[in-house]
Amino acid sequence: MATRTATTTQSFGADQHESDRSNAAVPQLPVPAPPIDAPTRVSRARIPLTNPKGLTGKALTWFSTRKYGQVLDNLLAMAHNRRVLTTVSVFEVGVMRWNRLDPQLKALAVMAASVGIECSWCLDFGYYEAHSHGLDTEKIAAVPHWRTSNVFTGAERRVLAYAEAMTVTPPAVTDEMAEELRADLGDDGLAELTMMVAVENLRSRFNSALGLSSQGFSESCRVR
């Protein structure tokens, strides 16, 4: 992609002024979020985290433990409504097939949205997913402090700013942000980035609203 000029950098900094102010007073959770023991997670959850009975419960347990080593708390929450669980599961399979956006940029955008919503479950699981796909976890861990970190490229900073601006209410995205990302990613990449941030908002808000906490997936990354 084309190298950014000093003028563009100055424009980028000005675009972030409002977002900086809105986030300055918000305490940031660490990435990855520290693990929470099962009894505490269950007590914090605003919906029972019990495995459903019958074929649904067996299928959920088999798939989740085979892929992740334990049953995901958000799946247990969704399992109270089978249609919700089925619809979201099918949708997520489709999301996994999106491939117009660089995986590292996608992971950074997802993490920025999770940080903005303060979803500890997502910060833990997102780090685990990034590690599992061989992405740069130093950058993933630096997302809460991306403005002061020196590990990010210009394109990564623009993606992080865009994801952050999309996540606040109302969204603070500017024309300049979109135009710069069109140059970085192309129209197809910008469309995927935008929908990816929207999807992570859906996930993080569901998990956060129901009081779901870090399950400790990222702990497995430390011992490998």
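Computed quantities for the displayed model
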quantity: Count - residues of the stretch 81-131 that are outside any helix (DSSP H, G or I) and either among the polar types (S, T, N, Q) or at pLDDT below 95 (or both); calculated: 2
quantity: Residue that is surrounded by the fewest Cβ atoms within 10 Å (Cβ to Cβ) [pool: residues in the stretch 135-164 that are within 25 Å of E219 (Cβ to Cβ), out of contact with any Phe, Trp or Tyr (no Cβ under 6 Å at 6 or more places or on another chain) and among the aliphatic types (A, V, I, L, M)]; calculated: V151
quantity: Pairs with Cβ under 9 Å, 6+ apart, first in the stretch 164-184 and part of a loop (DSSP other than H, G, I, E, B), second modelled with pLDDT under 95 and among the hydroxyl-bearing types (S, T, Y); calculated: V168/S19; V168/S22; A172/S19; A172/S22
quantity: Long-range neighbours under 6 Å by Cβ, at least six apart or interchain, first residue closer than 17 Å to F125 by Cβ within the stretch 29-54, second surrounded by 14 or more Cβ atoms within 10 Å (Cβ to Cβ) and among the aromatic types (F, W, Y); calculated: V31/Y127; P32/Y127
quantity: Selection count where residues are charged (D, E, K, R), surrounded by fewer than 17 Cβ atoms within 10 Å (Cβ to Cβ) and either modelled with pLDDT of 95 or more or within 12 Å of the chain's Cα centre (by Cα) (or both), scope the stretch 179-224; calculated: 5
quantity: Filter result (aliphatic (A, V, I, L, M) and outside any loop (DSSP other than H, G, I, E, B)) within the stretch 143-156; calculated: V143, A155
quantity: Residues within the stretch 1-52 that are of a type in the set (K, R) and at pLDDT 85 or above, tallied; calculated: 3
quantity: Complete set of residues in the stretch 113-134 that are crowded, with 24+ Cβ neighbours inside 10 Å and free of Cβ contacts under 8 Å to residues at least 60 places away in the same chain; calculated: A130
quantity: Cβ pairs under 7 Å, 6+ apart, first in the stretch 80-108 and farther than 19 Å from D136 by Cα and in contact (Cβ under 8 Å) with a residue 12 or more places away in the chain, second hydrophobic (A, V, I, L, M, F, W, C) and part of a helix (DSSP H, G or I); calculated: L85/L75; L85/M78; V95/V199
quantity: Flag if V159 is β-branched (V, I, T), under 25 Å from M78 (Cα atoms) and either touching a helix residue (DSSP H, G or I) at 6+ places or on another chain (Cβ under 9 Å) or part of a helix (DSSP H, G or I) (or both); calculated: no
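The values are calculated or read from the model by the stated rules, or taken from the named source; none is laboratory data. Note that the coordinates shown come from a computational prediction; the quantities given were computed from them, not determined experimentally. Cβ: placed from backbone, ideal geometry, glycine included. Neighbour counts: every protein chain shown.
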